[in-house]
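Worksheet for the structure shown next.
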Amino acid sequence: MGDYKFDLQNYLKELEYLVNIDSGSRNPRGISKVADFFIKKYLDIGYSVKTHEINEEIGPCLEIENCSSERYDILLLGHMDTVFEIGTAKERPFTIIDNRAYGPGVIDMKSGLLSMYYALKEIYEKELGKNLSIKIILNSDEEIGSRGSLGIISRAAVKSNVVFVLEPARANGALVLQRKGLGAYDIKFHGIAAHAGVEPQKGASAITEMGRWIVELNILNNYKAGTTVNVGIASGGTARNVVAEEAKIQVDLRFKEIAEMNGIDKAIEDLISNPIIKGVKVDVNKLGMRPPMNPMDTTMKIWSIIKEIGHELGIELDWVATGGGSDANITASLGVPSIDGLGPIGGGAHGQSEYLEIDSIQPRLEVLKKLILSPKLSRLF
Ligand SMILES: [Zn+2]
């Protein structure tokens, strides 16, 4: 006790173990392995762990806490799932080249998970922060929208003063205080098939109606307001000489304010009720929605504490807004101040070039640890 020292080599060894486990969102076995690693780790430092089995398609969600309380000083969030298929870890396992570590999920966010643990382990070993009530949620479906863990995260968030999310810091080192909201739609067009040469007038082209939707949806882009509507996939039809019976598009929506999303939904309803091709029916399936994350007054107060901690450590810290979503969207939209990007620095998430800056591990761990223990933070609530 008391003489704890951060051991980077050990950290990297444990990170290698975690990165080399394939844990895609639809790989419950892989995620269970990652979960088992952390269950043991947290039990070792006196935390209790509750495992939520959500369904057989996705892995467990862990609820971890250092005490049972009505109110938590801090909620820490991380996700154990990655976007990568089974076999990726074998294909390109954990590697270190110069100051960077590579491998599937190395920055998004296996190093974040590990840093969270190391910060809490050090606090425990040094017998600090004994009066803090801390809850942690490690979920396994973040990369597919957190629909299964939404309830668990929301219930924990509303009982907490503040939420810290261990998603990576941006490549330039910035944290994240603002994220756009996100919507996803699958839209299907059902028309009437007919021979294009013999009696096209008896048909109703699903593709023509779809084409009109693509153009109309594109008009809804409003970069100034931060609203983007992207038709990412379009398909339809069966043959050149057949009036298309079926067509479909997949649409991604990003927005800064809920009102913007409501406006898009209204425009979609108008399109449904006013088709240009009579006889085409349109099914809109809204697959999910993440509300926007916008900083509140308290978020900015916490931010100045973080800046100060950075100063003490000789790190100039900044924050950015991003179009990508995370579980911080859920907690911030519930009115709980949420700080994201508290993990180490890296980039290339979701791609082959994903990397972690090894030099950033310890400094960012220090920031997190000092933030958790900050008396100024606890005085805010
Ligand atoms: Zn992530």
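Taking the range 237-286, which trypsin sites (Lys or Arg not before Pro) meet the DSSP loop condition and have no more than 10 other C-beta atoms within 10 Å?
Working: sites: 240, 248, 254, 256, 266, 278, 281, 286; in loops: 240, 256, 278.
Answer by residue number: 240, 278.
Enumerate the lysines that residue 180 could reach by cross-link, defined here as Cα to Cα under 16 Å, with residues fewer than 8 away along the same chain left out.
224, 256
Could you give log10 I(q)/I(0) at q = 0.09 Å⁻¹ for the chain, computed by the Debye formula over C-alpha point scatterers of equal weight, without solvent?
With no solvent term, the Cα-only Debye profile gives -0.57.
Can you list residues from other chains, or at least 5 along the same chain, whose modelled amide H is less than 5 Å from the amide H of residue 194?
243
Given Cβ point charges of +1 (Lys, Arg) and -1 (Asp, Glu) and nothing else, what value in debye, to the nearest 20, does the dipole of the range 181-289 about its Cα centre take?
With only Lys, Arg, Asp and Glu charged at Cβ, the dipole is about 140 debye.
Using a 7 Å offset from the Cα along the Cα-to-Cβ direction at both residue 225 and residue 258, what is the distance between the two label points in nm, to one decimal?
1.6 nm
Quick check on the chain: of the DSSP beta bridges with both residues there, what percent are antiparallel, nearest 5%?
Around 70 percent of the beta bridges assigned by DSSP in the chain are antiparallel ones.
Just to check, using Stokes-Einstein with a Kirkwood Rh over alpha carbon pairs, what's the diffusion coefficient of the range 238-381 at 20 °C and 1.002 mPa s in µm²/s?
Taking Rh from Cα pairs, D becomes 111 µm²/s.
Run the numbers on the chain and let me know its relative contact order in percent, using alpha-carbon pairs under 8 Å that are six or more apart. Before the final figure, lay out each step's value.
Details: 837 pairs, mean separation 83.6, N = 381.
It rounds to 22 percent for the chain.
Among 223, 273, 18, whose Cα lies farthest out toward the positive end of the dipole of the chain, if unit charges sit on the beta carbon of Lys, Arg (+1) and Asp, Glu (-1)?
273
Quick one: longest stretch of the chain between exposed loop GluC sites (Glu not before Pro), exposed meaning at most 16 other C-beta atoms within 10 Å and loop per DSSP?
128-256
Cα-Cα pairs above 20 Å in the range 181-289: how many percent? Walk me through the intermediate numbers first.
Numbers: 2367 of 5886 pairs.
Counting pairs separated by more than 20 Å, the tail of P(r) holds 40 percent.
Every number here is computed from the coordinates shown, using simple stated rules; none is lab data. Here the structure is a predicted model, which means the values were calculated and not measured. Virtual Cβ from ideal backbone geometry, glycine too; neighbours counted across all protein chains shown.
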